[in-house]
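Chemist: Sharing a structure here in structure tokens format.
What follows draws every value from the coordinates through simple rules; no lab data is involved. Predicted model only: the values in this text are computed from it and were never measured.
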Ligand code: AMP
Ligand code: MN
Ligand code: MN
Ligand code: MN
């Protein structure tokens, strides 16, 4: 039996590819009954200060977080850092490097899209990202708005992915480097959405064991759109590898109504909740 949780440890704001500003996100969390929220924007901590101010007004417990892009075994993996020190120089320097990689990739994506007749994609996408981190989600917005694709799902099947127009691979920091940034900032590293990487069970086990060896502490057991069977699968990994369990919706916007901020079932019994690690 699962119950409604009042904790959500994975969500995005306009500091990366979320639709809501940090304050609007906090307000929505409060409206949805969330008591503890982590803001985990892609490769940036720039939304945290605003989120903390809003959280203090609403008496919400806001956990400083980040979602870091890492390269492992030729794949991009996302590692969420929770309860980080937002003043950590190591982490701040890492985000500067990551955003430089993102900017360079975005320019290359723009050039590749030009080759298939889609012009000014970088310039327009950069505008959509405003002052935030530029992501493929922003490219998807541009491509849909300009009639090149029907939906975001359509974009991620026909563009921006391996062997499709606009794909650019990035040498993100390694798994060990990424975990080290988080640990140095006093945070807890968590493997984000473990079932979304199209990995075999053998590969996923290898990832979890290397992650743990490098100082990682947790794995997302309950995520935005997974079902009971998927929760059970990851629960078994968490037990086998003795890693703590995290819970997070990965909320971005209202376009995916099946992913709601804070509408999550609780962490299964018998697991160590990730907050016991901070
Ligand atoms: P990036 O980190 O810039 O490579 O962009 C990754 C982001 O694109 C993810 O965090 C999602 O927000 C979005 N994204 C990736 N794959 C998909 C997909 N299949 N459908 C919808 N959005 C996706
Ligand atoms: Mn995203
Ligand atoms: Mn992610
Ligand atoms: Mn995310």
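Chemist: Hey, what did the chain get for relative contact order, percent, Cα under 8 Å, at least 6 apart?
Modeler: About 22 percent, as a whole number.
Chemist: Between residue 157 and residue 100, what length comes free when the chain is fully extended (0.36 nm per residue of separation minus the Cα-Cα distance, one decimal in nm)? Numbers along the way, then the final one.
Modeler: Values: separation 57, 0.36 × 57 = 20.52 nm, distance 2.60 nm.
Length difference between fully extended and current span is 17.9 nm.
Chemist: Among 156, 211, 139, determine the one that fluctuates most according to a GNM of the chain built with springs between C-alpha atoms less than 10 Å apart.
Modeler: Judging by the Gaussian network model, the answer is 156.
Chemist: May I pose another question? Suppose the Debye formula is applied to equal point scatterers at every Cα of region 1-122; what is log10 I(q)/I(0) at q = 0.23 Å⁻¹?
Modeler: Scattering profile of region 1-122, log10 relative to I(0): -1.25.
Chemist: Under 10 Å, Cα contacts only: if you run a Gaussian network model on the chain, which one of 57, 217, 239 comes out with the highest mean-square fluctuation?
Modeler: Judging by the Gaussian network model, the answer is 57.
Chemist: Next question. Can you give the translational diffusion coefficient of region 164-222 in µm²/s, computed by Stokes-Einstein from the Kirkwood radius over Cα pairs at 20 °C and 1.002 mPa s?
Modeler: My calculation gives 168 µm²/s for D.
Chemist: Another question about this same structure. Taking the Cα atoms of region 117-156, report the difference between the largest and smallest coordinate on each principal axis, in whole Å and largest first.
Modeler: 26, 20, 12
Chemist: Oh, and also: What residue among 95, 14, 184 has the largest mean-square fluctuation in a Gaussian network model of the chain, using Cα springs under 10 Å?
Modeler: Looking only at 95, 14, 184, the largest GNM fluctuation is found for 184.
Chemist: What's the Kirkwood radius of region 106-216 in Å, using all Cα pairs? Kindly include the intermediate steps, with their values, before the conclusion.
Modeler: On the way: mean 1/r = 0.0622 Å⁻¹.
So the Kirkwood estimate lands at 16.1 Å.
Chemist: Compute the orientation-averaged projected area for region 203-269 from the convex hull of its Cα atoms and round it to one decimal in nm².
Modeler: Working: hull surface 19.9 nm².
For the Cα atoms of region 203-269, the hull's average projected area reads 5.0 nm².
Chemist: Taking a cut-off of 15 Å, what percent of all Cα-Cα pairs in region 83-123 are separated by more than that?
Modeler: The share of Cα pairs beyond 15 Å in region 83-123 comes to 54 percent.
Chemist: Determine the equivalent ellipsoid of region 136-277 by diagonalising the alpha-carbon gyration tensor, then write out the semi-axes as square roots of 5 times the eigenvalues, largest first, rounded to whole Å.
Modeler: Semi-axes (√(5λ), whole Å): 29, 19, 14.
Chemist: In units of 2.2 N^0.38 Å, what is the alpha-carbon radius of gyration of the chain?
Modeler: On the way: Rg = 18.0 Å, N = 278, 2.2 N^0.38 = 18.7 Å.
In units of the 2.2 N^0.38 Å rule of thumb, it is 0.96.
Chemist: Now a separate question. Report the extension gain between residue 164 and residue 229 in nm, rounded to one decimal, defined as 0.36 nm multiplied by the number of residues separating them, less their alpha carbon distance.
Modeler: Numbers: separation 65, 0.36 × 65 = 23.40 nm, distance 3.18 nm.
Extra length available between residue 164 and residue 229 comes to 20.2 nm.
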